[in-house]
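Note sheet for the following structure.
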Amino acid sequence: MENQKQNKLGAGIITISVIQIIFSVFALIGSIILLIPSFQENLATITGAPLDKLGIDNTSIIIGLVSIILILLGIILILRKKAIGLYIYLLVTAANIIYSIIMNGFMISSLIGSLILPILMTFFVYRKKELFGLSK
């Protein structure tokens, strides 16, 4: 019974994963919609400026899509108890933070907001490190 209890992920990992998956799915849908040319034209008429003038170009959207997909992959691997999932998740999160700082400048509020879920995920995974083969 106790061995079976130790093999479970835990509520923290599952909760953070579900929250992150929900955020990622919304971001994925939004990014895909932004790539549709007719939507770009409608958005340009609403805002009065094309997306390029607003600082949104297709390259940034595609980079965002790739990072969202990699974060989802990392979360799925974490839920499957694979250590590589944690590495993917943390590396992509760090890359997103660095990219955000390069593109938008350093903002402490943005940095704190970007780190809350990854820090919680790391904490909960550390508490269950035996499941991921991280203990020695």
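Just so you know, all these numbers are worked out from the coordinates, no wet-lab data involved. Please read all numbers here as calculations on a predicted model, not as lab measurements. Backbone-built Cβ (ideal geometry, glycine too); neighbour counts: all protein chains shown.
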Compute the angle between helix 83-104 and the longest alpha-carbon principal axis of the chain, please, reported from 0 to 90 degrees and rounded to the nearest 10.
30
Please find, in a Gaussian network model of the chain (springs between Cα atoms separated by less than 10 Å), the residue of Ser114, Ser38, Ser100 whose mean-square fluctuation is greatest.
Ser38
Once phi for every residue in the range 27-43 is put through the Karplus expression 6.51 cos²θ - 1.76 cosθ + 1.60 (θ = phi - 60°), the whole-Hz ³J(HN,Hα) values, with Gly and Pro written as x, are 5, 5, 4, x, 5, 5, 4, 5, 7, 6, x, 5, 5, 4, 5, 4, 5
Report the Cα centroid-to-centroid distance between the range 92-136 and the range 8-49 in angstrom, as an integer.
19
Please compute the contact order of the chain in relative form: average sequence separation of alpha-carbon pairs under 8 Å and at least six residues apart, divided by the residue count, as a percent.
29
One finds, for Arg127 and Ile62 with R0 = 41 angstrom and r their Cβ-Cβ distance, a FRET efficiency to the nearest 0.05 of 0.70
Residue-by-residue Karplus 3J(HN,Hα) for the range 64-70, coefficients 6.51, -1.76, 1.60, Hz, glycine and proline x:
x, 4, 4, 5, 5, 5, 5
Taking the chain and counting helices only, DSSP H stretches of n ≥ 4 at -39,500 (n - 2.57) each over all residues, the nearest-500 ellipticity at 222 nm comes to -26000 deg cm²/dmol
For Met103 and Phe23, FRET efficiency with R0 = 22 Å and r from the beta-carbon atoms, rounded to 0.05?
0.70
Cleavage-rule hits (trypsin sites (Lys or Arg not before Pro)) in the range 1-95: DSSP loop, at most 14 neighbouring Cβ within 10 angstrom:
Lys8, Lys53, Arg80
Counting pairs of Cα atoms in the chain, how many percent are more than 22 Å apart?
47
